Amino acid sequence: MLWEGGENVEFVRTGYGKNMVKVLYIRRQGRHHSIIELRADVELSLSSRKEYITGGNSDVIPTDTIKNTVHALAKIKGVETIEQFSLDLCQHFLTSFNHVTRARVYMEEVPWRRLEKVNKTQAAVFNIDEQQTQSEERLRKNTNGVEHAHAFIFSMETVRFCDVEQNRADLPVVHSGLKDMKVLKTTQSGFEGFHKDRFTTLQAAKDRCFCTSVYARWRYNKVANVNFDGTWKSVKETIIEKFAGPYDEGEYSPSVQKTLYDSQHLVLERLPEVEEIEIVMPNQHYFTIDMTKIGLMNKDEVLLPLDNPSGNITGTLRRKPHAKL
């Protein structure tokens, strides 16, 4: 049945924009250069929806203009962090166009890392045997390599992203995050005491490999005077710290859930500017290969990585609202 007019329907949400806008920003300070390469998705909502209803395009800011704006603001404003640049873009569209009611920017940073040369002293210390002295160990930790002035290497350790959304007359909401941070430890992990029914075949494990690809996304409770770089690095380091534990002995994980919660709790304890944090930790399994049929005893030395199926553990932790007097 075709409806005449639009009296029986209403818009829930509209938006349009430009995706995968790419920029490499180079900050040149004499011979020393710094870079940020980014990919941005920009979405706008307009006060009028006549472009949908009647096909009138007089209010539509072309998506090509949105792309050009990203490039132009990179030149005019510079790119200190992807979070600040996303804030600059939202502010531009909301202040430059009275009929833009909402701006949202999702941005990812390409993981470039400055090349670093390990000096001879550092390389020698890396090769010390198990009888190394405490002074040698301190030297290994404190010796820095020489950073290249303008050369970088693609380092897919993790991907940094942010998501900034602002409605007209409202403060922006800023999320930062990391994804695809794959970590593994070969011991100090188990899973026991779980609920069993007639379909349960999983055996309890006191010691197992623990591998996951971490996704984390956190919301700030303020946007002014935030050290976005410092906070991002602290969240990353905190998650790795709770996953791995002390470098000399590790830390036991009775479940992925416990490691996930401990990471979130420590982030909120350390970083007052973070209001809530979501973490996803898929449990990427490694199973010991049974070699008894070929006459070999495999003592958890040769394992089979399984891409799927995998467990998926997620949780979001936030600060409790302050009690109102």
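The values are calculated or read from the model by the stated rules, or taken from the named source; none is laboratory data. Owing to the predicted nature of the structure, the values given are computational and were not obtained by experimental measurement. Backbone-built Cβ (ideal geometry, glycine too); neighbour counts: all protein chains shown. The accessibility values were calculated without ligands, DNA or RNA, using every heavy atom of the protein model including side chains. Shrake-Rupley method; radii C 1.70, N 1.55, O 1.52, S 1.80 Å.
Results, tabulated for the structure shown:
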read-out: Flag if E192 is open to solvent by 40 Å² or more (accessible area, probe 1.4 Å), at pLDDT 95 or above, touching a Pro at 6+ places or on another chain (Cβ under 8 Å) and on the phi < 0 side of the Ramachandran plot; value: yes
read-out: Boolean, F93 is loosely packed, with under 15 Cβ neighbours inside 10 Å, over 30 Å from F154 (Cα atoms), in contact with a helix residue (DSSP H, G or I) (Cβ under 8 Å, 6 or more places away or on another chain) and touching a residue at least 40 places away in the same chain (Cβ under 8 Å); value: no
read-out: Positions within the stretch 296-322 being open to solvent by 60 Å² or more (accessible area, probe 1.4 Å), part of a strand (DSSP E or B) and β-branched (V, I, T), in sequence order; value: T314, T316
read-out: Residue among V274, V280 that alone is more than 22 Å from Q188 (Cα to Cα), β-branched (V, I, T) and under 17 Å from the mean Cα position of the chain (by Cα); value: V274
read-out: Residue check, T186 open to solvent by 80 Å² or more (accessible area, probe 1.4 Å), of a type outside the set (G, A, S) and closer than 23 Å to L306 by Cα; value: yes
read-out: Single condition P172 does not satisfy, out of (1) open to solvent by less than 60 Å² (accessible area, probe 1.4 Å); (2) more than 18 Å from the chain's Cα centre (by Cα); (3) under 27 Å from P309 (Cα atoms); (4) not basic (K, R); value: (3)
read-out: Candidate set from the stretch 2-58 (those that are in contact (Cβ under 8 Å) with a residue 24 or more places away in the chain and part of a helix (DSSP H, G or I)); member that is nearest to the chain's Cα centre (by Cα); value: Y52
read-out: Qualifying strands (runs of 3 or more DSSP E) (wholly inside the stretch 209-289; at least 3 residues being touching a strand residue (DSSP E or B) at 6+ places or on another chain (Cβ under 6 Å) and closer than 30 Å to D88 by Cβ); value: 210-220, 274-283
read-out: Flag if E83 is out of contact with any Leu (no Cβ under 6 Å at 6 or more places or on another chain), open to solvent by less than 20 Å² (accessible area, probe 1.4 Å) and of a type in the set (D, E, K, R); value: yes
read-out: Hey, K206 open to solvent by 20 Å² or more (accessible area, probe 1.4 Å), under 30 Å from D248 (Cα atoms), in contact with a helix residue (DSSP H, G or I) (Cβ under 9 Å, 6 or more places away or on another chain) and among the charged types (D, E, K, R) or not; value: no
read-out: Matching residues, the stretch 218-260, being over 17 Å from the mean Cα position of the chain (by Cα) and within 30 Å of Q84 (Cα to Cα); value: N221, K222, V223, A224, N225, V226
read-out: Residue list for the stretch 48-87, filter: polar (S, T, N, Q), modelled with pLDDT of 95 or more and in contact with a His (Cβ under 7 Å, 6 or more places away or on another chain); value: T69
read-out: Pair list, Cβ < 7 Å and 6+ apart or interchain, from the stretch 97-119 residues that are farther than 15 Å from L87 by Cβ to residues that are open to solvent by 60 Å² or more (accessible area, probe 1.4 Å) and aromatic (F, W, Y); value: P111/F154; W112/F154
